[in-house]
1. Highest mean first, how do 77-84, 163-170, 184-191 rank when packing is the count of other Cβ atoms within 10 Å averaged over residues?
2. Return GLU389, GLU439 ranked ascending by Cβ neighbour count within 10 Å, so the fewest neighbours appear first.
3. Any idea how far the Cα center of region 97-166 sits from the one of region 43-87, in Å?
4. How would you rank SER35, SER147, SER441, going from fewest to most other Cβ atoms within 10 Å of each one's own Cβ?
5. With contacts defined as alpha carbon pairs under 8 Å and 6 or more residues apart, what's the relative contact order of region 357-493 in percent?
6. Ranking MET489, MET385, MET143 by Cβ neighbours within 10 Å, fewest first, what do you get?
7. For region 3-223, what are the per-bin percents of Cα-Cα distances with bins 5 Å wide, up to the bin holding the maximum?
8. If you take the square roots of the eigenvalues of the alpha-carbon gyration tensor of region 86-171 and sort them as a ≥ b ≥ c, do you get rounded (a/c under 1.5), prolate (a/b over b/c) or oblate?
Amino acid sequence: MSKASQLRQKAQAYLQKGKVDKAIEEYKKLLTVESRNPNLYNELGDIYLRTNDRVQAVSAFEKASLNYEKVALYNNAVAVCKKILRLVPNRLDTIFKLGEIKAKQKLAGEAEVYFLQYFEAVISDPERRGDGVQKQVEDILAMVPDSEGVCSKASDVFLHLGMKLKAAEMLAGLIARNSMDGDPQRLNYYRSRLDILKQQLKRDEFDKVEKIITGGGPEDGHGAAAKAAPDQAPARGGIAGTQADAPEGAEPDESPAYGPAPATGPAIDAMGSQPAAETVGVDSAGISLTDYASDLSGRPAAAADGGTRAPGAGGETRPDSSAEEPRKDEGGAPGRAATPSEDLSDLLEEEDAQIESESSIRNFADEITSDVEQDDFRSHYDLGMAYIEMGLYSDAVKELQISARSEQLQLQSLEMVGHCFLAMSNPRLAVKQLERGLEISQTSGGDSMGIHYNLGLAYEALEDLDKAREHYEEVYIVDVTFRDISDKMKKFSTVS
């Protein structure tokens with residue numbers, strides 16, 4: 001038995017005896033062996049909560065979130081951040097981190113919700129000032145430059161920080177963009193806010209703001225959007241995204257109601273997706289391990305029916321829709337177009353970077369579980385789920401086949417092995433694993449809806465529509481809201 005396994009067993013033994021302080025000491029020793037294992041930090045945070053030591057718990061959770069993020073297990077990182085906010089509501093760094101993670105996942109709508117919540121938390125507390133807040137506001141603007149709601153609220157934050165010129169520049173950029181194709185009511189709203197603010201500016205600052213509006217502004221480009229060609233990406237103050245209407249009759253000193261409303265919990269973005277939450281299936285430490293709809297590169301997981309997300313999928317991963325800009329010379333004029341060879345070179349560089357990134361993530365995942373014993377079935381199951389999130393289905397199958405030796409984990413392990421074979425476009429092997437799981441569920445009384453659903457997908461891929469319908473019906477008669485089962489039944493009702 002490895003040293004890490006010995007320390008873990010000792011810690012668990014102390015916990016069972018109620019000797020929490022002793023268990024904490026063993027976890028600290030364990031972290032000297034596996035210092036980058038996010039699961040350990042998360043477990044340690046939960047143990048600190050048993051002693052009501054919230055400060056140490058938050059510290060441990062922060063390290064867990066950071067290390068989950070390093071291996072791109074973003075949903076786990078989000079779950080840990082939400083645990084922190086339950087302990088310390090309106091904690092700025094954590095709210096910012098949630099938005100940052102969602103931005104990395106290219107879930108701009110969800111990121112905006114957290115960023116607007118961050119801005120509200122800053123404005124509501126007169127003591128929340130300083131360079132740290134300013135830096136985070138600038139980072140937010142860089143992450144979601146096309147969000148009009150974020151840019152508008154950022155001007156309020158800059159004013160709260162005493163940065164009147166910066167606040168005016170943000171409003172000037174919004175005016176520049178809306179002068180081209182925006183809503184007149186919204187344009188007047190920004191102008192009325194800026195008119196009040198201009199009275200507090202010096203003459204040179206006033207002139208600087210005017211230049212932004214007319215398109216000759218500073219290097220940050222607030223005014224550039226007003227004169228930008230249609231194929232140019234907007235500057236920070238020029239918004240190309242979805243824009244909401246300003247409230248009718250809004251007074252100049254009212255805060256705008258653009259973009260997603262600030263929220264303290266999950267909200268639905270424009271695409272109908274919800275922020276990841278503590279979803280189905282959690283490990284012993286409370287971290288979701290079954291929200292595996294996306295792999296670590298942000299791509300949707302493969303599905304046997306060509307479009308259905310993996311079981312338990314909560315939100316939809318959206319590709320980056322930003323278009324390439326034409327090359328420009330130093331004066332800003334369009335330059336020559338990229339040649340096919342240059343495009344190919346860029347593509348190859350991107351693919352190399354992607355391969356290097358995925359290799360790094362995989363090596364890290366292997367590293368943090370390198371001491372897992374063969375009979376540590378829970379750790380093998382967790383590693384299998386992590387591999388599924390990465391899209392490394394062959395590796396996931398190996399781990400899940402080990403965890404399937406555990407009586408407690410056998411049913412869910414077989415279900416996930418079946419899912420992996422579906423994702424690998426091998427429905428025949430999926431059927432074999434899932435039918436085995438179905439037999440076990442019938443004798444043990446375990447939940448079989450996921451197995452029936454996946455069997456439906458497998459038989460549908462094998463074009464055995466009668467059997468596919470049979471398994472879908474087993475799901476439908478128990479829960480008509482299960483995943484997309486209603487759509488499946490509608491589809492099969494048209495099949496003779």
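1. Details: 77-84: 25.4, 163-170: 21.8, 184-191: 18.6.
Result, highest mean first: 77-84, 163-170, 184-191.
2. On the way: GLU389 26, GLU439 13.
Ascending Cβ contact count within 10 Å gives the list GLU439, GLU389.
3. Measuring centre to centre over Cα atoms gives 23 Å.
4. Details: SER35 12, SER147 27, SER441 20.
By the 10 Å Cβ count, ascending, the order reads SER35, SER441, SER147.
5. Values: 159 pairs, mean separation 18.3, N = 137.
This gives 13 percent for region 357-493.
6. Details: MET489 15, MET385 26, MET143 18.
If I rank by nearby Cβ atoms, fewest first, I get MET489, MET143, MET385.
7. In order of increasing distance, the bins hold 1, 7, 13, 13, 14, 12, 9, 8, 7, 5, 4, 3, 3, 1, 0 percent.
8. Working: a/c = 2.00, a/b = 1.16, b/c = 1.72.
Because a/c hits 1.5 or more and a/b fails to exceed b/c, region 86-171 counts as oblate.
Just so you know, all these numbers are worked out from the coordinates, no wet-lab data involved. Fair warning: this is a prediction, and the values are worked out from it, not measured in the lab. Here Cβ is always computed from backbone atoms with ideal geometry, including for glycine, and neighbour counts include all displayed protein chains.
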